[in-house]
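The values are calculated or read from the model by the stated rules, or taken from the named source; none is laboratory data. If you're wondering where the values come from, they're calculated on a predicted model, not measured in any experiment. Please note: Cβ atoms are built from the backbone with ideal geometry, for glycine as well, and neighbour counts cover all protein chains shown. Accessible surface is based on the protein model in full, side chains and every heavy atom, while ligands, DNA and RNA are left aside. Shrake-Rupley method; radii C 1.70, N 1.55, O 1.52, S 1.80 Å.
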Amino acid sequence: ATSAARPGTVPPKDLESFQAHLNKSTRILALLGAGLSASSGLPTFRGAGGLWRTHDAVQLATPEAFGRDPGLVWQFYNYRRHMALQAKPNPAHYALADLARKKDGFLTLSQNVDGLSPRASHPEDKLKLLHGSLYDVKCSDFFCNYFEKNNYTDPIVPALAIPTDDSDPTTTEAIKARELDISDENIALPEIDYNHLPKCPTCKRGLLRPGVVWFGEMLPKDVLSDIDEWLTESDKIDLIMVIGTSAKVYPAAGYVDLARAKGARVAVINMDKKDQPASGMYKRDWFFEGDAATIVPELLK
Ligand code: BV8
Ligand code: ZN
């Protein structure tokens with residue numbers, strides 16, 4: 001049912017039918033995306049105002065970019081670490097954490113690396129971070145397995161301190177200026193001396209890198225196997241809530257189709273009704289238009 005109510009309010013009859021289904025559901029998934037954190041002040045990736053409104057920033061989320069210009073990639077991630085530390089979980093993060101405490105068979109799959117679900121005390125065993133976290137750091141040397149969780153040092157090294165004018169190093173201009181080596185100092189990012197970048201304390205060889213999954217990289221093996229284990233516990237899924245995601249990134253988006261194949265009904269919560277996510281969620285059973293921070297607590301109360 002996709003009734004066209006005023007965005008942000010939940011149409012009563014849809015709310016009723018959704019909640020009736022939620023209450024009798026035992027096997028529930030939630031797939032979370034950047035739209036969930038939009039109200040916490042963190043820009044989404046695609047679409048208007050998105051962090052990756054330019055291809056440049058997506059180019060930075062790759063191993064190749066890190067190999068080519070680790071200083072630029074670290075400036076991008078140090079800035080996002082800084083931003084996410086200033087942000088606070090919103091009512092939707094808390095509502096999902098509450099549901100995880102209430103419903104045994106509920107599992108949250110989050111694409112977000114911003115740390116806001118963990119900071120909303122979402123039960124850890126019910127939260128799978130598909131793309132890692134801005135606050136994990138690991139060694140970039142192939143042979144070293146140094147991995148550090150919950151590293152909240154900001155800036156992660158002094159050399160990455162954000163310029164006082166708070167200039168945003170993720171803008172197209174700043175990234176392009178650096179990539180094209182434009183020496184215009186008022187937009188180009190300062191060159192970071194390789195020796196001032198975070199080093200691995202174990203092997204002393206490799207640079208540390210953000211513990212996020214870059215494009216072209218595998219999702220964390222333990223996360224994938226935990227999800228597989230959850231999926232094999234039962235041959236059916238009652239409901240999947242798809243919250244604030246354009247569902248364009250795989251394999252994350254693939255869980256929607258997988259859930260539907262196991263009988264799940266699909267509830268989409270998104271600001272933008274025409275954002276027909278790539279995973280063909282035209283077959284969604286509910287579409288709630290508006291801000292996840294307002295809608296999700298309403299749906300789950
Ligand atoms: C892999 C971490 C292979 C880093 C991220 C061609 C076709 C299909 C697939 C591919 C292809 N070419 C390449 C691929 C694979 C690629 C992929 O899927 N690319 C896509 C873009 C086409 N996938 C990969 O590379 C994955 N790895 O495939 O490995 C492999 C296999 C075997 C062995 C070795 C290797 C790895 C993907 C992970 C990439 N890392 N992030 C970082 O964050 O810096 S992905 C990045 O996108 C973020 O994690 C983000 O979470 C994710 C998805 O974005 P969304 O969360 O959906 O955010 P977005 O801005 O897109 O949408 C926001 C939505 O919210 C919108 O719908 C908007 O309307 C809505 N909204 C806005 N405000 C609100 C709101 N909704 C509610 N309330 C609001 N207030
Ligand atoms: Zn190392």
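Just to be sure before I move on: is LYS221 modelled with pLDDT of 95 or more, farther than 25 Å from ASP114 by Cβ and basic (Lys, Arg) in the structure I sent?
Considered against the rule, which asks whether it is modelled with pLDDT of 95 or more, farther than 25 Å from ASP114 by Cβ and basic (Lys, Arg), LYS221 comes out as no.
For region 126-146, enumerate the residues that are within 17 Å of MET218 (Cβ to Cβ), outside any loop (DSSP other than H, G, I, E, B) and within 16 Å of ligand 1 (Cβ to nearest atom).
LYS128, LEU129, GLY132, SER133, ASP136, LYS138
Spot the failing condition for LEU231; the list is (1) within 19 Å of the chain's Cα centre (by Cα); (2) surrounded by fewer than 22 Cβ atoms within 10 Å (Cβ to Cβ), and only one is missed.
All conditions pass for LEU231, except number (1).
If the Cβ limit is 7 Å and pairs must be 6+ apart or interchain, which residue in region 22-48 that is over 21 Å from ASP291 (Cβ atoms) pairs with which residue that is among the aromatic types (Phe, Trp, Tyr) and away from ligand 1 (no atom under 13 Å from the Cβ)?
Here the result reads ILE28/PHE106, each pair linking region 22-48 to a residue that is among the aromatic types (Phe, Trp, Tyr) and away from ligand 1 (no atom under 13 Å from the Cβ).
Between THR153, THR202, which is modelled with pLDDT of 85 or more, within 16 Å of ligand 2 (Cβ to nearest atom), in a loop (DSSP other than H, G, I, E, B) and among the β-branched types (Val, Ile, Thr)?
THR202
Can you name every residue in region 81-102 that is in a helix (DSSP H, G or I), of a type in the set (D, E, K, R) and either open to solvent by 50 Å² or more (accessible area, probe 1.4 Å) or touching a Ser or Thr at 6+ places or on another chain (Cβ under 8 Å) (or both)?
ASP98, ARG101, LYS102
Of SER39, SER25, which residue is at pLDDT 90 or above, away from ligand 2 (no atom under 16 Å from the Cβ) and open to solvent by less than 20 Å² (accessible area, probe 1.4 Å)?
Exactly one of SER39, SER25 is at pLDDT 90 or above, away from ligand 2 (no atom under 16 Å from the Cβ) and open to solvent by less than 20 Å² (accessible area, probe 1.4 Å), namely SER25.
From the list ALA57, ALA87, ALA65, pick out the single residue that is at pLDDT 95 or above and either of a type in the set (Phe, Trp, Tyr) or at negative phi (or both).
ALA87 is the lone residue from the list that is at pLDDT 95 or above and either of a type in the set (Phe, Trp, Tyr) or at negative phi (or both).
Of the residues that sit in region 206-220 and are touching a strand residue (DSSP E or B) at 6+ places or on another chain (Cβ under 8 Å) and either assigned to a strand (DSSP E or B) or farther than 18 Å from LEU109 by Cβ (or both), which one is nearest to ligand 1 (Cβ to nearest atom)?
This residue is VAL212.
Among residues belonging to region 255-270 that are in contact with a strand residue (DSSP E or B) (Cβ under 6 Å, 6 or more places away or on another chain) and not in a helix (DSSP H, G or I), point out the one that is surrounded by the fewest Cβ atoms within 10 Å (Cβ to Cβ).
For region 255-270, the residue satisfying everything is ARG265.
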